[in-house]
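Colleague: Have a look at this one before I ask anything.
The values are calculated or read from the model by the stated rules, or taken from the named source; none is laboratory data. Computed from a predicted structure; not experimentally measured. For neighbour counting, all protein chains shown are included, and Cβ atoms are generated from backbone atoms with ideal geometry for every residue, glycine included.
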Amino acid sequence: MPMVMPIEHNPEFRRYFNDDTDSILHALWDFFPAQMVVVNVEEPNNFIIEAINSSQQTTLHRKPIGLGDDFVDIFPASLKAEVIKNSARCVAEGAPVRFKLSDSYINGVSQLNNYPVILIPITKHQGITTHLLCVVPSSGFDSGTQPILYSEQEVERRVKERTDELVAINHRLSYLATHDWLTDVYNRRHLLEMATIEFNRVGRYGLSLGLLMLDIDHFKSINDEQGHMAGDQALKTVAHAIRSAVRECDLVGRYGGDEFIILAPETDIQGVRSIAERLRSTLKSANLSISVGITMRERHDHSIDDVINRADHLLLNANRNGRNRIESVSLVSIP
């Protein structure tokens, strides 16, 4: 394996640069992927920042670097002594010094871990070191970036903020999974799940359960003659009217196409009928009419499907008998 000769032991190395040494140094200063600062050695243990390489004017330890700042002040208080010691050593020896800074938590703030720093002496007259070049290699950072240091309170705030975002996203996903995207009422799958739970509950306690199935009269004609946007608006209008007409405990869902189901627990036939009549009256002002099938849970019903099927047949009768009407097994049809 070939050996790499140090520059001072390999004079031929300098011939590659010819007379371009200054331009190369300027290029390194401007574009080298590391933080570099020039520090003026004013007196022992007094190091003032005089220059910062333009491409890396960011921060050390999340503190802004400014010209005229005390070099050691940009480091955590617990590490200043280490920085001063190595800076003084670099000045005294007139040779580069490489060291690492490590810390854990000081006053609840996360500190540095194995943070590499290189100090290079800059000599002028008679070999006297007047400045130091401080280089923080990119290898000292994760993925080439600075370590991100947060207080415990900041970590807690960020965790809470992220948790709140995830909770909001989960709520939104849950809503999208259970609601019809157009009308904002329950979709068919979730409606049937909730209806089954309610069916079993009222059966267990011997309570009443009313169910309305309705559709929009001449809905196909609305789509064909006025366009599907008009049809979508009609669906939204009906869904809004339904939500305004029912109680909070009632279940509302889009069963399919222009068909909606309303489940009214602990409501008798007259209460269910009043819902249907309010809906017809409200939608009349929007130039829409509906046909409705009304039924109640009966003792011989084995599942919510039995109640829905009965309401479906009553809705079919309402459509066959001229539409814009309410049909019920227990009531005379209401034109």
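Colleague: Report yes if residue 222 is touching a Phe, Trp or Tyr at 6+ places or on another chain (Cβ under 7 Å) and under 21 Å from residue 325 (Cβ atoms), otherwise no.
Modeller: No; evaluated as a whole, the condition is false for this residue.
Residues are listed down the side, and each one gets a yes or a no for (1) of a type outside the set (Ser, Thr, Tyr); (2) over 41 Å from the mean Cα position of the chain (by Cα); (3) more than 17 Å from residue 207 (Cβ to Cβ):
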site	(1), (2), (3)
265	yes, no, no
283	yes, no, yes
286	yes, no, yes
309	yes, yes, yes
316	yes, yes, yes
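Colleague: Does at least one position in segment 266-287 carry a residue that is part of a strand (DSSP E or B) and either free of Cβ contacts under 8 Å to residues at least 60 places away in the same chain or not hydroxyl-bearing (Ser, Thr, Tyr) (or both)?
Modeller: No.
Colleague: Taking segment 46-77 on its own, how many of its residues are at pLDDT 80 or above and of a type in the set (S, T, N, Q)?
Modeller: 1
Colleague: Continuing with this model, one more query. How many residues are without any contact (Cβ under 8 Å) to a residue 40 or more places away in the chain, in a helix (DSSP H, G or I) and not hydroxyl-bearing (Ser, Thr, Tyr) if we restrict to segment 162-206?
Modeller: 18
Colleague: Here's another thing I want to ask about it. Filter segment 203-240 for residues that are within 30 Å of residue 266 (Cα to Cα) and surrounded by fewer than 18 Cβ atoms within 10 Å (Cβ to Cβ) and give the result.
Modeller: Once the filter is applied, which keeps residues that are within 30 Å of residue 266 (Cα to Cα) and surrounded by fewer than 18 Cβ atoms within 10 Å (Cβ to Cβ), segment 203-240 yields 203, 204, 205, 206, 207, 208, 236, 237, 240.
Colleague: Give all pairs with beta carbons closer than 6 Å in which a residue from segment 207-223 that is closer than 16 Å to residue 242 by Cα and assigned to a strand (DSSP E or B) meets a residue that is at pLDDT 95 or above and of a type in the set (Phe, Trp, Tyr); count only pairs at least 6 apart in sequence or on separate chains.
Modeller: Within 6 Å, the pairs are 214/260.
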